[in-house]
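Notes follow once the structure below has been shown.
Just so it is clear, none of the values below were taken in a lab; they were calculated from the coordinates. Note that the coordinates shown come from a computational prediction; the quantities given were computed from them, not determined experimentally. Ideal geometry is used to build each Cβ from the backbone, glycine not excepted, and the neighbour counts take in all protein chains shown.
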Amino acid sequence: MDDPSESSSVPAIRPEDRRAIMDRDPPSAIPPDPPPPPPSIVEARLAMRRPPNTQAVMSLGDHLEELRTRFIHAIVGIMVFFLVSLYFGPTILNWLIWPVQRALRAEGLSPTMLATGMFETFFTYLKISTVAAILLGFPWILWQVWKFVAPGLYRYEQRFVTMLLPMSLILAILSTLFLYFVVLPVMLHFFVHFGATVSPEKAAVAPLPANVSLLSLPVLTADPPAPKPGDAWFNSEMKELRLALATPSGAISIYSTALSTSTGIVLQPRIQEWVDSFLGLALAFAAGFQLPVVVLLLGWVGIVTPAFLSQYRKHALFVIAVIAALLTPPDPVSMIILMVPLWLLYEFGIVMLRIFPASKLAASRGRERDGEPAEG
């Protein structure tokens, strides 16, 4: 007895046999050809392999020469931005310490910041100028990197890069503005108020001895225009006791001492510590604001989908809350201030992934199979 598995299979019909059968029988009597076997996993991966780009073939020496040229251009651009940053360094430094001074004034403290080392202010000035030069020249650096790698990319691959890089830069700028104008006022108010009231110290009160009178000083909101040697006053804006004295050359010089409220702890922040803290916070916020870019990348490589991100929205909100708690002071207001934009950025990433899936950006890939760049 024949094997049922063998009898059930239909052999393929050769073309000459098909013509003979069509001459003898009607077309309806001809059995259909069996479907082709599905491709194997290896064949499928080979079919999806990226075709060679015949439009950008360079030797190793040409690559090294191009890399050297782009590197020199990037360094020259950074040096130009560094010289500009050195000129505007004091302005940038004042811009960085202004939120601290405002918070100190709000608590009735002197806005003067402290430098405990001989070279602290100078090296802080150099650090700020260097960071400013890198930030200002970062688009120029990216442009040089793009000019180096763009000839080796297809048009559909360039679309991914040209979409992510501007988005990443815009989000980094927004993170710095959000930190400076929204988060820092709340955070500094909490810490300065805590430092000014954590250890209150009250002085004893007793009647004045006989023949003793109190010294009276004028309280001014600004220094007088032409003080005489020996004039003294209290500047209420700077929270300083100021005294005018004559120098050996005959000019008038103003000497001052910072005053604080009567507490057991004098809060006078160091300039270097504050600049380092601000740069660290700015870097952390810039990384957190890259959430839409991360969502798009994970979606384009097939790790997540919009449905998956929407389904696990509660879990993502929990992770965002933990990140906000780690980056902000231990108070609910600051935590919520950071949670809200991070959650909105998460939702924005989902929307962008729905609007710009990988298949849409790579729609021209089929026209590049032969190594020809796509149009548009």
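Using the Cβ-Cβ distance between ALA307 and MET163 with R0 = 22 Å, the FRET efficiency computed as 1/(1 + (r/R0)^6) comes to roughly 0.50. Between GLU120 and PHE318, full extension at 0.36 nm per residue minus the direct alpha carbon distance yields a gain of 67.2 nm. Convex hull over the alpha-carbon atoms of the range 219-258: what's its volume per residue in Å³? Normalising the Cα hull of the range 219-258 by residue number yields 56 Å³.
Multiplying the residue separation of ILE75 and TRP98 by 0.36 nm and removing their Cα-Cα distance gives an extension gain of 5.1 nm.
Based on Cα contacts under 8 Å between residues 6+ apart, the range 273-362 shows a relative contact order of 43 percent.
Residues of the range 209-228 falling in the label zone of ILE254, defined by backbone nitrogen less than 19 Å from a point 7 Å along Cα to beta-carbon, are 217-228. One chain, two ends: SER277 and LEU298. Fully extended at 0.36 nm per residue, the span grows by 4.5 nm beyond their Cα-Cα distance. Note on ILE336 and ALA210: their simple-model spin labels are 6.3 nm apart, each label 7 Å out from Cα toward Cβ. For the range 123-166, what is the Kirkwood estimate of the hydrodynamic radius, computed as the reciprocal of the mean inverse distance between distinct Cα atoms, to one decimal in Å? It works out to 12.1 Å.
Of the peptides 157-166, 62-71, the ranking by mean beta-carbon count within 10 Å, highest at the top, reads 157-166, 62-71.
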